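The structure appears right after this line, and notes come after that.
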Amino acid sequence: EQVEAMALRFVNPEQNVVDEPAYDKWHRKLKKDLQRFRNARKVKVDLSDSEGPLDRSSSSPKYSLTIRDSNFGIQGSCAVFLIPQGREHEWMFSSEEGQANLCREAGYRRVILVTLNRGHTFVSSQSVQDELSPKVKEIAGRATKGDSIPYLSVGGDIGKRQTIFQGTSELTGDFFVEDISANEDTDSKLSDSSVLRRLVFASNSTVIQSAIAFGRDSNAAISFNFLYLAHDYQQAMAAGLVLCEDLIVNPETCSRRILQVGLGGGCFAMFLNSLFPKCNLEVCELDGAIAEMAKQYFGLNENIPVQIKDGLRRIQELHDECLADQHLEKFSLIIIDVNNLDLTLGMSFPPKDFVSEQCLKSIRNLLTSNGCLMINLVVRDSELYSSILSLLQELFGEVRVVFASKDEVNRIVFAFPTSCSLSTRDVAVERLPADESERWRFLTHPQLLQLRASDLGRFIDEMFPSPDIAPQPRKQKSKRRKKKAKK
C-alpha cells in the first residue's frame, strides 16, 4: 500500500495556537531550547500531517513525541525510539519510571520516544523513519550535527494495529475495539498465532480497558481464550478465588450466586463463567452500548444476564429482595470493578459511593457467611485510602489487601463478613513455585481450584497480607546530590 506522505508540522500538545505569528514564536522557542542538552529534561510535542495543525483539536496528531535528556550518553548524543503500535500503554513506555529505565538502557544523552497514534496509516518502519527524519534533526540537539541518528525499537518493527470497531455512547464517549498481533514481547504466555483484542476509551487512550486473546480455526472462525487474563489486577482477583471457600470446593458443579458490578469487555465475567459453569452469575453495567459491544466483539455469553442500570441501584434492589425473602440465596462473591469518571477525588476505581458505609453494609448483608467482596481500588490520596480501609475493617470480619500492578497503583481488596483465620490453617507451600511471579500464574490456573483453601493458609497470609502488614509502594530513589560548585 502506498501512502502519500504529507509535510509534518510541530504542534503544541499543551495548548491551541490560533494564528501563524504565535505559532512561529512557539516553534522558534522550541527549537532554540532543544539545541542544548539539559539533564532530566522532559518535553512533549506532537507532529501533525494535517494542513491546518495550528489548532490541535482539529485533528488527531500523527505522532506524539516525548523528548528526554539524561547523563546516560555512553552510546552517543541522540537516538529515536519507535514505540510499536498497540504497546504504548505498557509500563516501559507510559510510566515515568519505565521511560527513565528505557533511556538508561539505550545509553544516549537524548532519547526521542515516538508514539504512532490511532487513525493513521504506517506502512513500514523505514517509511516512518523517512517521514520523521527532517523534524528529528530540528530537535536532536546541536551536539548531533553531522552524526547519524539511530532509530531503535522492540523487535525491529513498528507493530500492527487494526481498529475493527469504533463506537460512541453518551456515558463513555468514543471507544475503540482493536486487534494487535501477539508475540513473546507482548506476552510470553501467548503463542505467536494469537491475537489480542482490546477495548480503549478515547478519553483515556493510553489505558487498555479490556483485553482478550483469540485464535482462528481452519475455517477462520474466532476462538476466544477466556482463561487468559491480560491485566495484573485481574490476575490478582483470580488468585483471590482461593479465598472463596463457597466456590472452590467443587468448581465444576458449584451453583452459588456471583455478582459482578462493571462489565468492560466482559473478559473477567467469561473467565468466571469458564471456571464455574454452573454458578448463577449476574453482571451489572451502566452503559448499554458497552454491553452490546462486549457481546459482539468479546464473546460475552448471551446466557449471562446483564442488568443495564446503575450498580448502586442494583445492589440496593438485591438487598431489599433479601430483606423481603429471608430464604433467598445470598451471594458467595461480589466484585466491584467500576471506573470513576470524577477524577477530582484522587480515586480512579471505584466511584466513592461504592465504598460508602451504606453501600458496604448492603454488600455485607448480601454475602454468605463464607462470602467474599473483591474491590479493584485505585486511590492516590493516602488519607482517602486510609479512611476507606478503616471503614472496611470496621464493617467486615477480615480484610486483605494486595498490590496488583507493576506501577503499584491498583490494590485489590478482599473483605469477608467473618474472620477467615487463614494463618491458623495447615499449609503445603512447597506445592507452589518459589518465584513470586510464577505463583500468580499458577494461582490463575483452574487446577488450583481443586485445592481447598485450608491447604493454602500460610501461603495466603504471604500473598494476601492484612492491611496492617500490607506492602507499601516503593519509594523513589533519592536524587543524586548536586556536586559542589568549583571555587
Counting only residues that are part of a loop (DSSP other than H, G, I, E, B), at pLDDT below 90 and among the β-branched types (Val, Ile, Thr), which one in region 144-165 is farthest from Cys103 (Cα to Cα)? Ile158
Considering residues that are open to solvent by less than 20 Å² (accessible area, probe 1.4 Å) and over 23 Å from Ala211 (Cβ atoms), the number found within region 90-105 is 1
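State whether the residues of region 254-263 include one that is modelled with pLDDT under 90 and in contact with a Gly (Cβ under 7 Å, 6 or more places away or on another chain). Spell out how you get there, then give the answer.
Our first condition is that a residue be modelled with pLDDT under 90; within region 254-263, this holds for 254.
Then keep just the ones that are in contact with a Gly (Cβ under 7 Å, 6 or more places away or on another chain); that gives none.
Checking region 254-263: not a single residue is modelled with pLDDT under 90 and in contact with a Gly (Cβ under 7 Å, 6 or more places away or on another chain).
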Consider Ser77 carefully, then state whether it is farther than 19 Å from Gly156 by Cα, part of a strand (DSSP E or B) and out of contact with any Leu (no Cβ under 9 Å at 6 or more places or on another chain). yes
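Give Phe396, Phe416 a once-over and let me know the one that is more than 13 Å from Val355 (Cβ to Cβ) and modelled with pLDDT of 90 or more. If you could, list the steps in order and put the result at the bottom.
Details: Phe396 fails: more than 13 Å from Val355 (Cβ to Cβ).
Result: Phe416 is the single residue among Phe396, Phe416 that is more than 13 Å from Val355 (Cβ to Cβ) and modelled with pLDDT of 90 or more.
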Show the residue pairs meeting these rules: Cβ distance below 7 Å; 6+ apart or different chains; first residue within region 320-348 and of a type outside the set (Gly, Ala, Ser); second residue assigned to a helix (DSSP H, G or I) and open to solvent by 70 Å² or more (accessible area, probe 1.4 Å). Leu328/Glu321; Leu345/Lys352
Can you tell me which residues in region 111-143 are under 24 Å from Leu30 (Cα atoms) and either open to solvent by 40 Å² or more (accessible area, probe 1.4 Å) or part of a loop (DSSP other than H, G, I, E, B) (or both)? Asn117, Gln129, Asp130, Pro134, Lys137, Glu138, Ala140, Gly141, Arg142, Ala143
Ala230 passes all but one of (1) farther than 13 Å from Phe271 by Cβ; (2) under 18 Å from the mean Cα position of the chain (by Cα); which number fails? (1)
Consider Leu318 carefully, then state whether it is open to solvent by less than 60 Å² (accessible area, probe 1.4 Å), in the same structural domain as Gly262 (by the TED database) and either more than 22 Å from the chain's Cα centre (by Cα) or not aromatic (Phe, Trp, Tyr) (or both). yes
Where a residue in region 195-224 is charged (D, E, K, R) and its partner, wherever it lies, is assigned to a loop (DSSP other than H, G, I, E, B) and modelled with pLDDT of 95 or more, with Cβ under 7 Å and at least six apart: Arg197/Phe298
Taking strands (runs of 3 or more DSSP E) that do not extend beyond region 314-386, which have at least 3 residues that are under 14 Å from Ile258 (Cα atoms), at pLDDT 95 or above and not aromatic (Phe, Trp, Tyr)? 331-336, 367-379
Identify all residues within region 248-284 that are touching a Leu at 6+ places or on another chain (Cβ under 6 Å) and among the β-branched types (Val, Ile, Thr); write none if there are none. Ile248, Ile258, Val283
Might you let me know whether region 60-67 holds any residue that is within 23 Å of Ala140 (Cα to Cα), at pLDDT below 90 and open to solvent by less than 80 Å² (accessible area, probe 1.4 Å)? yes
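The values are calculated or read from the model by the stated rules, or taken from the named source; none is laboratory data. Just so we're clear, the structure is a prediction, and the values are computed from it rather than from any experiment. Glycine gets a Cβ as well: all are built from the backbone with ideal geometry, and neighbour counts include every protein chain shown. When the accessible area is computed, the model is the full protein with side chains, heavy atoms only, and any ligands, DNA or RNA have been set aside. Shrake-Rupley method; radii C 1.70, N 1.55, O 1.52, S 1.80 Å.
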